[in-house]
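See below for the structure under consideration.
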Amino acid sequence: MLRRPGTSDFRTPRTAGTIFKRTVRTLLSAEQLNQAIMRESARVDRRGGGTLSLVLFRLPPSAGRRSRRRRMSISAVRLARTILQRIRVTDDVGWFDEQHLGVLLPDTPPAGAWRLAQEVCHIVARRGPRPLCTMYTYPARCPAEPADAQPGVVRTSEMQLDRRVEQGSAIKVAS
């Protein structure tokens with residue numbers, strides 16, 4: 001079977017086109033994403049190992065043009081579609097809050113999450129503003145920033161996923 005470069009083994013033509021098809025309309029709500037975060041962090045705790053990463057992409061200002069049948073700006077739709085094309089079947093994508101799309105990456109170390117964030121930022125920046133993003137890990141591990149980190153990819157050790165999970169269902173990011 002032929003695969004496009006950069007696609008994982010999980011995205012075969014059968015799974016990518018039928019059962020697991022994801023679109024902008026199928027993004028998780030903030031409540032659903034929060035439930036997925038709680039579920040996956042509990043799974044990490046139960047196993048006693050592994051890493052859970054969450055990458056938040058800040059949506060571009062919505063002052064731009066809007067597509068016809070959508071409330072989202074065209075640049076926000078472009079960001080969501082780019083994310084949906086880059087994730088694995090096991091990953092979850094949804095609204096973290098009104099200004100952030102979240103990508104939940106189970107069993108993904110920080111280096112893998114940053115690779116995804118950089119790829120998405122690079123692809124989106126070709127046709128519009130570069131999105132800002134922040135990464136959280138659970139359990140809290142935040143290695144030194146790689147030398148090749150691109151502008152717009154923010155790494156902060158004080159903002160960790162386990163702190164956000166402890167705050168309960170109203171998970172928010174300080175702007």
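In this entry, Thr51 is excluded by the filter for residues that are at pLDDT below 80 and either more than 19 Å from Val120 (Cα to Cα) or under 18 Å from the mean Cα position of the chain (by Cα) (or both).
Among the criteria (1) crowded, with 21+ Cβ neighbours inside 10 Å; (2) at pLDDT below 90; (3) within 28 Å of Asp45 (Cβ to Cβ), the one Pro131 does not fulfil is (3). A search for C-beta distances below 9 Å between a residue of segment 87-104 that is closer than 15 Å to Tyr136 by Cα and any residue that is basic (Lys, Arg) and part of a strand (DSSP E or B), counting only pairs 6+ apart in sequence or on different chains, returns His100/Arg58; Leu101/Arg58. Of the residues making up segment 81-121, those that are out of contact with any strand residue (DSSP E or B) (no Cβ under 7 Å at 6 or more places or on another chain), in a loop (DSSP other than H, G, I, E, B) and of a type in the set (A, V, I, L, M, F, W, C) number 1. Taking the criterion of being modelled with pLDDT under 90 and of a type outside the set (D, E, K, R), the only residue of segment 90-108 that qualifies is Gln99.
For segment 38-56: of the residues being touching a helix residue (DSSP H, G or I) at 6+ places or on another chain (Cβ under 6 Å) and touching a residue at least 60 places away in the same chain (Cβ under 8 Å), which is surrounded by the fewest Cβ atoms within 10 Å (Cβ to Cβ)? Please lay out each step first, then the result.
Taking segment 38-56 and keeping what is touching a helix residue (DSSP H, G or I) at 6+ places or on another chain (Cβ under 6 Å), we get 41, 50, 52-55.
Pick out the ones that are also touching a residue at least 60 places away in the same chain (Cβ under 8 Å) and you get 41, 52-55.
Details: Ser41: 21, Leu52: 26, Ser53: 26, Leu54: 27, Val55: 25.
Of everything passing the filter in segment 38-56, Ser41 is surrounded by the fewest Cβ atoms within 10 Å (Cβ to Cβ).
The values are calculated or read from the model by the stated rules, or taken from the named source; none is laboratory data. Keep in mind the model is a prediction, meaning the values are calculated, not measured. Neighbour counts are summed over all protein chains in view; Cβ atoms, including those assigned to glycine, are modelled from backbone coordinates with ideal geometry.
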